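Inspection log for the structure reproduced underneath, given as structure tokens.
The values are calculated or read from the model by the stated rules, or taken from the named source; none is laboratory data. Just so it is clear, the model here is predicted, and its values are computed rather than measured. Cβ placement follows ideal geometry from the backbone for every residue including glycine, while neighbour counts extend to all protein chains displayed.
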């Protein structure tokens, strides 16, 4: 039993544990690691936080591939810092998952064995350097729409991790947009690269918010538990409204002929993403699924000797200290 | 659910002093092979943007905590002593600076 970790919960019957949990949620207070919670709440959170952590870790790959090829030292340093942040976000989230009794090594195994999922967006390839900019702008922009409400998620450690992450995402989005502004001021070929990247990433970015509300089986329960604060469609609409004026300012066209301002609703109308494509990518059949998981597995396996050596070193140092104290 | 403690690096809790004049505050946890690695990992993970001037790390298993029930009688001694609060004492309004 450690400070952060929770015991398996006992039945809720006896002294109103369920009532107390419900009342805490109703008062908009946070559930903390050692509180009693329904098993469904715990399992839902572990699944969501682990998927989120895996997304951050896998998310290092599409952009990481461009670190050695970034066109200047400035861009290289920025990209390095961004990819390091993604690693950090993954670790904050694994830390939050562990407060629920999950085990980090077990979560890593689930990822590399394909038993737990990560965001569909990272299964698309990064074909040009403009993709790095568009990922910052769209993918991190979408992540901000998703994550800002999660800062008020009912589970304390998750909400606190999201506060840290959101502070850092703003840098990610801005560096992407600035990169694209720079390319748009360049040659025709550079502007074409930006438009091409926009065309490829727009629809997958809209899919990041998940299936439409009428086909999102877990959403209602997550919202009742206040793990999640807004529906998938609501967040998707916010992202579109936020992004359209940014695209105009940048001088690119979003690849959706149905996209237009709806004066009456005060929001943009937009087309329907290809939900079959989302299903395929989630089920493992996207352009890069196999490569992403294989890369993660290789990194994990090739790092095994480092983890073992560090433990051996720690044991040796501890033995020396003990001998020194005894002498 | 298996226990990670035996399978890999142990779990550490991390506390960061944001700036001089503030207490160290718990910010999260991490895994490390030993205390020194825990400190450098904590620096890299929790203070990439000047979030701290001092870090404490402690093996999670070394923390002793009160029970998880906030209605626990453990906290009763503080619940029934209203005379510990300044508002317990009636002082006329015209007494200055009190």
Matching entry among A:75, A:42 (being within 14 Å of chain B (Cβ to nearest Cβ) and at pLDDT 95 or above): A:42
Residue in the stretch A:109-118 that is touching a residue at least 24 places away in the same chain (Cβ under 8 Å) and on the phi > 0 side of the Ramachandran plot present: yes
Residue A:88 at pLDDT 95 or above and at the interface with chain B (Cβ under 10 Å from one of its Cβ atoms): yes
The one condition in (1) more than 18 Å from residue A:137 (Cα to Cα); (2) within 16 Å of the chain's Cα centre (by Cα); (3) buried (at least 18 other Cβ atoms within 10 Å of the Cβ); (4) within 13 Å of chain B (Cβ to nearest Cβ) that residue A:100 fails to fulfil: (2)
Hey, residue B:49 over 30 Å from residue A:21 (Cβ atoms) and at pLDDT below 95 or not: yes
Count of residues meeting criterion [free of Cβ contacts under 8 Å to residues at least 24 places away in the same chain and under 30 Å from residue A:125 (Cβ atoms)] in the stretch A:19-67: 2
Which numbered condition residue A:105 fails, given (1) modelled with pLDDT under 95; (2) under 17 Å from the mean Cα position of the chain (by Cα): (2)
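Residues are listed down the side, and each one gets a yes or a no for (1) in contact (Cβ under 8 Å) with a residue 24 or more places away in the chain; (2) surrounded by 13 or more Cβ atoms within 10 Å (Cβ to Cβ):
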site	(1), (2)
A:227	yes, yes
A:234	no, yes
A:240	yes, yes
A:243	yes, yes
A:246	yes, yes
A:255	yes, yes
A:260	no, no
A:263	no, no
Selection within the stretch A:139-163 - farther than 12 Å from residue A:52 by Cβ, surrounded by 21 or more Cβ atoms within 10 Å (Cβ to Cβ) and within 12 Å of chain B (Cβ to nearest Cβ): A:157
Qualifying positions in the stretch B:34-84 - more than 11 Å from chain A (Cβ to nearest Cβ) and in contact (Cβ under 8 Å) with a residue 24 or more places away in the chain: B:52, B:53, B:54, B:55, B:56, B:57
